[in-house]
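K.L.:
Can you read through this structure? Questions will come right after.
The values are calculated or read from the model by the stated rules, or taken from the named source; none is laboratory data. Predicted, not measured: the structure shown is a model, and the values here were computed from it. Methodologically, a virtual Cβ is constructed for each residue, glycine included, from the backbone with ideal geometry; neighbour enumeration extends over all protein chains shown.
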Amino acid sequence: MAGRTLTIGALAIQGDFLEHRLALERLGVHAPEVRLPAELDDVDGLIIPGGESTTIVQLIDIYGFRAALTEKVRAGLPVWGTCAGMIVMADSLTDRRPEPLHLMDIDVSRNAFGRQIDSFEEDLEIDGLDEAPFRGVFIRAPVVNRAGELVKAIARLRDGRPVAVRQGRMLATAFHPELTDDDRVHGLFKSMVEESLRPLP
């Protein structure tokens, strides 16, 4: 890490990737927009943003990302999915579509809380974040129905449902940290990426 700038890309084929870029840049991270599979070679970590999950998956397949991204993640590339990104990363969905990437051992329900009009905010206690609770912004948000043995729930709603989960170098949140001025979850992912680059003892 010494002597070079950390690079975390934002998958920029659909959704609110710009907001993620701005949050990362506030943390001193180089945050390029990733639009082609070959550009995965140039990043230390990747964010799959919120947006429309069916459209994102369709474009992932059109642009040939599915195999390349799966290979990179299996090889250790840290990845974080927010809202639709959580859906994309899931192993299975309660819905018939889209076909997720089967990266994270979770089962997810799309639009678990209803339509856009049913969007809400809730204060969350997130493992790994100090200080005050994090204000989670939920917009047509998914929720985790099942998590595998290697998956840790790091934030839950008051009713106990998981809305942030971590599995190794993968992170998924049902809410939108990029839509707030609080960059602590981006800082958490930054630390995950930094940890992945440290040489083994």
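K.L.:
What is the residue count in the stretch 153-183 for residues that are part of a helix (DSSP H, G or I) and touching a strand residue (DSSP E or B) at 6+ places or on another chain (Cβ under 6 Å)?
P.N.:
Residues flagged as part of a helix (DSSP H, G or I) and touching a strand residue (DSSP E or B) at 6+ places or on another chain (Cβ under 6 Å) within the stretch 153-183 amount to 1.
K.L.:
Among the residues of the stretch 144-175, which ones are buried (at least 21 other Cβ atoms within 10 Å of the Cβ) and either on the phi > 0 side of the Ramachandran plot or in contact with a Ser or Thr (Cβ under 6 Å, 6 or more places away or on another chain) (or both)?
P.N.:
Ala164, Thr173
K.L.:
With the checklist (1) part of a helix (DSSP H, G or I); (2) more than 19 Å from Gly168 (Cα to Cα); (3) in contact with a helix residue (DSSP H, G or I) (Cβ under 8 Å, 6 or more places away or on another chain); (4) among the aliphatic types (A, V, I, L, M) in hand, flag the one item Ile13 doesn't pass.
P.N.:
(1)
K.L.:
Every residue in the stretch 23-55 that is out of contact with any Leu (no Cβ under 8 Å at 6 or more places or on another chain), modelled with pLDDT of 95 or more and under 14 Å from Thr82 (Cβ atoms), please.
P.N.:
Hits for the stretch 23-55 are Ala23, Leu24.
K.L.:
Select from the stretch 38-69 the residues that are in contact with a Lys or Arg (Cβ under 9 Å, 6 or more places away or on another chain), outside any loop (DSSP other than H, G, I, E, B) and surrounded by fewer than 21 Cβ atoms within 10 Å (Cβ to Cβ) and list them in ascending order.
P.N.:
If the condition is that a residue be in contact with a Lys or Arg (Cβ under 9 Å, 6 or more places away or on another chain), outside any loop (DSSP other than H, G, I, E, B) and surrounded by fewer than 21 Cβ atoms within 10 Å (Cβ to Cβ), then Leu40, Asp41, Thr54 are the ones that fit.
K.L.:
For the stretch 85-102, give me the residue count where each residue is touching a helix residue (DSSP H, G or I) at 6+ places or on another chain (Cβ under 7 Å) and under 19 Å from Leu40 (Cβ atoms).
P.N.:
3
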